[in-house]
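The structure appears below as structure tokens.
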Amino acid sequence: MPKRNAQGAGSIRQRADGTWEARYTIGRDPGTGKQVRKSVYGKTQKEVRQKLAVATVAIDEGTYIEPSRLTVGAWIDIWLAEYNKSVKALTLKEYTGQCNFRIKPSLGAVKLSALRPHDIQAFLNKQEQPTANAKGLSPKSIKNLHGILHKSLQQAVMLGYIAVNPANAIRLPRVEKAHVKPLDTTQMKAFLTAIKGHHFETLFIFDLFTGLRKSELIGLTWDCLQGDTLYVYRQLQRIDGKYVFRPLKNSKSRRITPAASIMQLLREHKQKQHEQSALFGNSWSNDDGFIFTNEFGRHLIHDTVYENFKRIAVSLNMPSARFHDLRHSYAVSALRAGDDVKTVQENLGHHTAAFTLDTYGHVTEEMKKESAARMDNFIKGIFE
């Protein structure tokens, strides 16, 4: 009598089209008693062997879910809970919100194995359209939404739940590059005049000439001040209503050396903070050692900083100015002052110098033209 395959046992073969298939047993049909077999696919033998191993372990442990019965919504719940352990808290919050309020209501009931590219394309196209209650998503938001769905489906491919990722064949709207709007020299002077005596004067000046992100700025503590350098190693973010320290955007700390006058301004600010602490006595509390605080020593609130900046910007007839434009202003000023792109990249905490160049390319192009004009004047002087 031929030996029967054990539950979960599998076999691997190469198909006529060159791809590889692994078949495995998930049990027996209760009506016929015959083995029920399923397949996973891959480009290499190693790939399908790994998928087969995942499936057979799940069968042995009783956690196996038949791909054909798994819905998109059920899979997304699994993906969010089990495959995003290393994702930052705010990123996971964004993933969860987009999945719960956009992806699952539209695609959640579709069987994972039945999801087709045109289903996803129609879903994304619909997100662009305005409704009675909200405007449509921007091209960048559409791209981000697609990215979340693509990541979740790619994990399903890796596990062998689906053969290919249906989100691969999607046509996304063109994302227009955001136009950087730094303050020019005249606006900088007007801004510095307008903030004299303001509670956030030092904070605004410090950001204008260091280019820190708002969460980095608010999260600065006095231990970051090390001689003539500033050690930026964390940021203060609001997550689920609570302010917590989190790693930097690229999870990479950095040391910057601000101008001597800016570091002196910080030292003077520290002295004023000591005086304020003595004045308020027991009402003052700054256990974490924040550099920038409210009048009672507590850390600043993101919205408060932003709203104060906007009021000043509006008073200067710059209603479209954003707090982030202080960061752009620093970057442009540093490049114009002669700092090389690599230095500016490291000071800003960008992941690569290429990103810095891409963001501020228009400035470097203007600098090249100015350099050419200076050289032209020099050449003319030589020939006179």
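Restricting attention to the range 230-248, and to residues there that are in contact with a strand residue (DSSP E or B) (Cβ under 7 Å, 6 or more places away or on another chain) and open to solvent by 50 Å² or more (accessible area, probe 1.4 Å), which single residue is nearest to Leu92 (Cα to Cα)? Write out each step before concluding.
Start the filter on the range 230-248 by keeping residues that are in contact with a strand residue (DSSP E or B) (Cβ under 7 Å, 6 or more places away or on another chain), which leaves 230-232, 234-237, 243-246, 248.
Narrowing further to those that are open to solvent by 50 Å² or more (accessible area, probe 1.4 Å): 231, 234, 243-246.
Working: Tyr231: 27, Arg234: 18, Tyr243: 16, Val244: 15, Phe245: 16, Arg246: 14 Å.
Once the filter is applied, the top-ranked residue is Arg246.
Restricting the search to helices (runs of 4 or more DSSP H) fully inside the range 328-384 and requiring at least 1 residues that are modelled with pLDDT of 85 or more gives 341-348, 353-359.
When only residues in the range 34-59 that are of a type in the set (Ser, Thr, Tyr) and in a strand (DSSP E or B) count, which is surrounded by the fewest Cβ atoms within 10 Å (Cβ to Cβ)? Show your work before the answer.
Start the filter on the range 34-59 by keeping residues that are of a type in the set (Ser, Thr, Tyr), which leaves 39, 41, 44, 56.
Next cut, in a strand (DSSP E or B) only: 39, 41.
Details: Ser39: 19, Tyr41: 17.
The qualifying residue surrounded by the fewest Cβ atoms within 10 Å (Cβ to Cβ) is Tyr41.
Only one residue in Gly62, Gly8 is at positive phi and either at pLDDT 90 or above or exposed (fewer than 11 other Cβ atoms within 10 Å of the Cβ) (or both). Which one? Give the derivation first.
On the way: Gly8 fails: either at pLDDT 90 or above or exposed (fewer than 11 other Cβ atoms within 10 Å of the Cβ) (or both).
Among Gly62, Gly8, only Gly62 is at positive phi and either at pLDDT 90 or above or exposed (fewer than 11 other Cβ atoms within 10 Å of the Cβ) (or both).
When the range 93-135 is limited to residues that are among the charged types (D, E, K, R) and in contact with a helix residue (DSSP H, G or I) (Cβ under 9 Å, 6 or more places away or on another chain), the one that is surrounded by the fewest Cβ atoms within 10 Å (Cβ to Cβ) turns out to be Arg116.
Of all the listed residues (Glu295, Glu346, Glu370), the sole one being without any contact (Cβ under 8 Å) to a residue 40 or more places away in the chain and of a type outside the set (Ser, Thr, Tyr) is Glu370. Annotation: of all residues in the range 239-254 being of a type in the set (Lys, Arg) and more than 15 Å from the chain's Cα centre (by Cα), the one that is farthest from Thr352 (Cα to Cα) is Lys242. Each residue in the range 230-250 was checked for being in a strand (DSSP E or B) and farther than 19 Å from Lys270 by Cβ, and 9 of them qualify.
Scanning the range 337-382 for residues that are over 24 Å from Arg213 (Cβ atoms) and either under 20 Å from the mean Cα position of the chain (by Cα) or open to solvent by 70 Å² or more (accessible area, probe 1.4 Å) (or both) turns up Glu365, Glu366, Lys368, Lys369, Glu370, Arg374, Met375, Asn377, Phe378, Ile379, Lys380, Ile382.
Can you name the residue in the range 65-83 that is out of contact with any Lys or Arg (no Cβ under 9 Å at 6 or more places or on another chain) and closer than 17 Å to Leu145 by Cα and is also surrounded by the most Cβ atoms within 10 Å (Cβ to Cβ) among such residues? Please lay out each step first, then the result.
Here is the first cut: in the range 65-83, the residues out of contact with any Lys or Arg (no Cβ under 9 Å at 6 or more places or on another chain) are 65, 74-75, 78, 80-82.
Going one step further and asking which of them are closer than 17 Å to Leu145 by Cα, we end up with 75, 80.
Numbers: Trp75: 23, Leu80: 17.
Step by step, filter the range 65-83, then rank; the result is Trp75.
Quick one: in the range 198-229, of everything that is under 26 Å from the mean Cα position of the chain (by Cα), open to solvent by 10 Å² or more (accessible area, probe 1.4 Å) and not small (Gly, Ala, Ser), which residue is nearest to Gln271 (Cα to Cα)?
Step one: list which residues in the range 198-229 are under 26 Å from the mean Cα position of the chain (by Cα), which gives 203-204, 206-221, 224.
Still in the list and also open to solvent by 10 Å² or more (accessible area, probe 1.4 Å): 209, 213-215.
Still in the running and not small (Gly, Ala, Ser): 209, 213-214.
Numbers: Phe209: 21, Arg213: 24, Lys214: 23 Å.
Among those residues, the one meeting the criterion is Phe209.
I'm trying to understand the selection: among the residues of the range 340-380, which are of a type in the set (D, E, K, R) and farther than 16 Å from Arg327 by Cβ?
Applying the first criterion (of a type in the set (D, E, K, R)) to the range 340-380 yields 340, 342, 346, 358, 365-366, 368-370, 374, 376, 380.
Passing the criteria: Asp340, Lys342, Glu365, Glu366, Lys368, Lys369, Glu370, Arg374, Asp376, Lys380.
Taking the criterion of being within 30 Å of Leu300 (Cα to Cα), touching a residue at least 60 places away in the same chain (Cβ under 8 Å) and touching a helix residue (DSSP H, G or I) at 6+ places or on another chain (Cβ under 8 Å), would at least one residue in the range 170-180 satisfy it? Scanning the range 170-180, I find at least one residue that is within 30 Å of Leu300 (Cα to Cα), touching a residue at least 60 places away in the same chain (Cβ under 8 Å) and touching a helix residue (DSSP H, G or I) at 6+ places or on another chain (Cβ under 8 Å), so the answer is yes. Considering only residues that are assigned to a helix (DSSP H, G or I), hydrophobic (A, V, I, L, M, F, W, C), open to solvent by 10 Å² or more (accessible area, probe 1.4 Å) and touching a residue at least 24 places away in the same chain (Cβ under 8 Å), which ones fall in the range 298-327? Within the range 298-327, just Ile312 meets the criteria.
Residues that are touching an Asp or Glu at 6+ places or on another chain (Cβ under 7 Å) and closer than 13 Å to Leu316 by Cβ were ranked within the range 182-213; the one that is modelled with the highest pLDDT is Ile195. Annotation note: Cβ proximity below 8 Å between a residue of the range 235-263 that is under 14 Å from Leu217 (Cβ atoms) and without any contact (Cβ under 8 Å) to a residue 40 or more places away in the chain and a residue that is outside any strand (DSSP E or B) and hydrophobic (A, V, I, L, M, F, W, C) (sequence gap 6+ or interchain) occurs for Gln235/Ile218; Gln235/Leu248. The residue that is least open to solvent (accessible area, probe 1.4 Å), counting only those in the range 278-297 that are farther than 20 Å from Cys224 by Cα and of a type in the set (A, V, I, L, M), is Ala278.
Can you pull out the residues in the range 191-201 that are touching a residue at least 60 places away in the same chain (Cβ under 8 Å) and under 15 Å from Ser333 (Cβ atoms)?
Of the range 191-201, the ones touching a residue at least 60 places away in the same chain (Cβ under 8 Å) are 191, 194-195, 198-200.
Residue satisfying the conditions is Phe191 alone.
The values are calculated or read from the model by the stated rules, or taken from the named source; none is laboratory data. Model, not experiment: these values are computed from the prediction. When we count neighbours, we look across all protein chains shown, and the Cβ atoms used for this are built from the backbone with ideal geometry, even at glycine. Each accessible area value is taken on the protein alone, full model and side chains, heavy atoms only, with ligands, DNA and RNA left out. Shrake-Rupley method; radii C 1.70, N 1.55, O 1.52, S 1.80 Å.
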